[in-house]
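Take a look at the following structure, please.
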Amino acid sequence: MLFRSVQKAVIDLKSLVDQPKGLFRIAVAATESRWTNDAAVVAITDLAVHAKRSRGGLVAWVTSISRGVPVAGAKISVLSENNQELAAGVSDASGLVTLAFPDRHPDGKPWAIVAEMADGDLGFLELGKATDLLDDVDQSGRPVPETYDL
């Protein structure tokens, strides 16, 4: 019988990649069973992408992770599930860009927002994925009251 346990490992990406920034796919596999494997996409970037969806488009905001300031001049693209560009623009001095596209675009619904700088830095936000789940925070809530709750 094969027993499995979760293990954490640190991977020194600096020794594995030529460039300091970019998107990388990391795949791991068990040595004793070829069907036990997993993969993840890792983004090494200084661009944090935030978005607010609205009817007929969205507003994207790009900030620097290391400096905590808005990023001007980032090319922002909204991509569909079919990898088609639905809208594009450039962030202003406050890091904001408003992108308009129809709610029912013929190329599909929006899937990701990509921010790209001239120096090759690339950041993205996959839409529809909840990123606010904190593993170390109790998510169970409070007990149900036995009497009135005002």
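The values are calculated or read from the model by the stated rules, or taken from the named source; none is laboratory data. The structure presented is a predicted model; accordingly, all values stated were derived computationally and were not measured. Glycine gets a Cβ as well: all are built from the backbone with ideal geometry, and neighbour counts include every protein chain shown. Note: accessible area is taken over every heavy atom of the protein model, side chains too, but ligands, DNA and RNA are not part of it. Shrake-Rupley method; radii C 1.70, N 1.55, O 1.52, S 1.80 Å.
Can you find, within the range 45-75, the residue that is nearest to residue 103 (Cα to Cα) among those that are open to solvent by less than 60 Å² (accessible area, probe 1.4 Å) and part of a loop (DSSP other than H, G, I, E, B)?
56
Go through the range 92-150 and count every residue that is at pLDDT below 75, among the aliphatic types (A, V, I, L, M) and under 14 Å from the mean Cα position of the chain (by Cα).
2
Let me ask another. Select from the range 20-35 the residues that are in a loop (DSSP other than H, G, I, E, B) and touching a residue at least 24 places away in the same chain (Cβ under 8 Å) and list them in ascending order.
We begin by selecting, within the range 20-35, every residue in a loop (DSSP other than H, G, I, E, B); these are 20-21, 30-35.
Within the range 20-35, 20, 21, 32, 33 qualify.
Only one residue in 78, 17, 97 is β-branched (Val, Ile, Thr), outside any strand (DSSP E or B), open to solvent by less than 80 Å² (accessible area, probe 1.4 Å) and in contact with a strand residue (DSSP E or B) (Cβ under 8 Å, 6 or more places away or on another chain), so which one is that?
Within the list 78, 17, 97, the selection yields 17.
May I ask you to list the residues in the range 58-71 that are touching a Ser or Thr at 6+ places or on another chain (Cβ under 6 Å) and within 19 Å of residue 120 (Cβ to Cβ)?
Within the range 58-71, 62, 71 meet the criteria.
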